[in-house]
Each structure stands twice: as structure tokens, then as C-alpha cells.
Ligand SMILES: Cc1cc2nc3c(=O)[nH]c(=O)nc-3n(C[C@H](O)[C@H](O)[C@H](O)COP(=O)(O)OP(=O)(O)OC[C@H]3O[C@@H](n4cnc5c(N)ncnc54)[C@H](O)[C@@H]3O)c2cc1C
């Protein structure tokens, strides 16, 4: 039998040809492998195991942006306006997160959080925050006096503080990686180095009406797309036919690390009372994944005063 006619050779040819021309097809493609994309892909596949689901990420690994560079806090839901979805999800999310960490053996620390009023002028805002936290159902939230502040954080001084004992810290990058691993275990497919640059209709395939292209012109056909692009959400929204607005406006943030010999001075998260004029600015030390203590002196923008 000649080589050309051998079945084995034909199979090699078929596979080579198939490998070059075959376009992957999915019921759902989730774009963006941060914590939101990974958690969504995982949850959808867990609820609908018969679906063919893929997760596409532009970097060569998952959680390389916000989800791998945040402060590592497990928030308790103190700040959000009562009755809003954010308030509800934050309070529920805290419980669900701790349950997941326990099941999955993910290390975390319930180090608590103090929001400290350093003078009398901040007490009204602190009381308002307490009322919000109670209305939101933040567990075991307490208003504490000077002595209790010192008991919780011996090197912290203030006139009064809010104490949230269930606030904690975790490595959210590792949590995202666990979600991705669960997704793979449930039968999901992942693509890294897949930078989506175009989302279009598939004129040639009505069963899979959406074509998603990467920068290297790889193509995935899919029935549905879920975009979870973090700070690139606006660009992805536009690719799906959405409007240019709203746009993501970036701010530069900076932090300092407390030197190891002074780490004993901070036990948990210490926050200032938020200033309503600058809602997302503040100095606060917090634990980073049990290892380092970060000081977030401020978020810098070129010119906050003129609103840019
Ligand atoms: C400084 C800072 C501190 C924070 N601290 C906390 C905290 O302590 N606790 C807390 O709960 N939250 C915190 N947050 C918020 C939290 O980190 C974010 O809400 C969360 O990480 C958002 O996840 P994401 O998946 O939406 O975004 P990201 O983690 O940014 O993920 C988006 C992903 O989409 C990918 N992507 C984008 N465009 C494309 C494309 N075209 N093709 C393919 N992939 C694409 C990106 O590469 C990225 O991996 C903090 C945020 C910041 C910025």
C-alpha cells in the first residue's frame, strides 16, 4: 500500500486540514478573564452543564488587571445606599465569599475594619454611615469609643469609630484562578492571548450568528456573548453595537508599603471617615493578602478641582 493511500496518512492530513480551517463554536463566549468574567462563566456552566461555554482573555493569564491588583478587602456593605442592588449584593457576597473560601480551602483573614473619626467634626458622617450599615444588614457592626479603638488597634487614635468585625482580606487573584479552574473542571474552555478586536454578525452561519475575532485574526463562532471587560468595558460595548458613552475615565492610584519592622503597628483595615466632597479619596492602611501592609495615600488625578 502506498504511503498516500494509507489510512494513517489520510487521518494526519485530515487533522492538519481540520486544525487550520476549523472555527471553534460555542453556545456562549464570555470575554474578559477578570473575577467578573471568571465567576460568570463558572456559575453559568454550573447551572447549565449542557452548554458549550468558553472564556476568552487578552492577557497570557487570568486576573492580570483590577482583579489581580486590588486591595484584597472582603467588603461588608457599609457604604452603599440602603435598598440598592450594590448594598444587597455586597452583604450577600460577603457570606457567599467566606463559604466558598472555606469549601475551596482558600486562605483569608477576618481582620475586621475600623472607620475612625479623628475629630468631633466627623461624628455626624460616622453616625450616618452607621445607620446605613445597619439598614444594609452589615453583621455585628458597632460604634466604638476611644478605649475600644485602642483595644482593637493599639496604635490608632480617634474619638469614635465604626467597627466591622467581619470585613476581611483575601487574594482576589487567587480566588479568580480558582473560579477559572472550577470552570475548566465543569467542562469549560479557556483562551488566553485572545484579544478581542471585533465582534460581528456571521453571515455564513445562522446557528452561530456571532463572530468574535482576536487581534491575530482567530475567529470564534458563538450564539451568545457576555462581555466582562473591566476598564475596557466601554470598548467592548462599542464592538457589540453599543454607544460610545459612557466612557471609562482612568485615575492613577498610588500606594506605599509599610516596612516589615513597623508591621506590628497595624492589625487590620483602618479607614478614615469618607469625605462626601471627595468620595473615593482617602488615606488608609490595609492588609494585603496577609503579607504586606499597604498605605493608600491618595488617588491622583491631574486636576481634581476642575472635575477632570
Ligand atoms: C485600586 C483598586 C482597589 C480595589 N480594591 C478592592 C477591594 O479591596 N475589594 C474589592 O472587592 N474590590 C476592590 N476593587 C474593585 C475590584 O478589583 C473590581 O471590581 C474587580 O476586580 C473588577 O473585575 P472585572 O473582572 O470586572 O475587571 P478586571 O479584573 O479588570 O478584568 C477585566 C478583564 O477583561 C480583559 N479584557 C478587556 N478587554 C478585552 C478584550 N478586548 N479581549 C479580551 N479580554 C479583554 C482584561 O484583560 C481583564 O483581564 C478595587 C479596584 C481598584 C482599581
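Only the coordinates and a few stated rules stand behind these numbers; no lab work does. The shown structure was predicted, so the numbers you read here are calculated from the model rather than taken from an experiment. Using ideal geometry, Cβ is built from the backbone for each residue, glycine included, and neighbour counts are taken over all protein chains shown.
Computed over region 206-284, the percent of Cα pairs more than 21 Å apart is 59. The relative contact order of region 111-210, computed from alpha carbon pairs under 8 Å that lie at least 6 residues apart in sequence, is 29 percent. Shape of region 92-141 from the C-alpha gyration tensor: oblate (a/c of 1.5 or more and a/b not above b/c, with a ≥ b ≥ c the square roots of its eigenvalues).
Looking at the square roots a ≥ b ≥ c of the eigenvalues of the Cα gyration tensor of region 126-244, which shape do they give, rounded for a/c under 1.5, prolate if a/b is larger than b/c, or oblate? Here region 126-244 falls in the prolate category. Normalised radius of gyration (Cα atoms, divided by 2.2 N^0.38 Å) for region 89-189: 1.37. With a Förster radius of 25 Å applied to the beta-carbon distance between residue 207 and residue 69, the computed FRET efficiency rounds to 0.05.
A simple packing score, the average count of other Cβ atoms within 10 Å per residue, orders the peptides 135-148, 248-261 as 135-148, 248-261, with the highest score first.
Summary of packing: across the peptides 63-70, 163-170, the per-residue average of other C-beta atoms within 10 Å ranks them, highest first, as 163-170, 63-70.
Annotation: peptides 85-91, 26-32, ranked by per-residue average of other Cβ atoms within 10 Å with the highest first, follow the order 26-32, 85-91. Footprinting exposure proxy ranking of 101, 194, 183, fewest other C-beta atoms within 10 angstrom first, gives 101, 194, 183.
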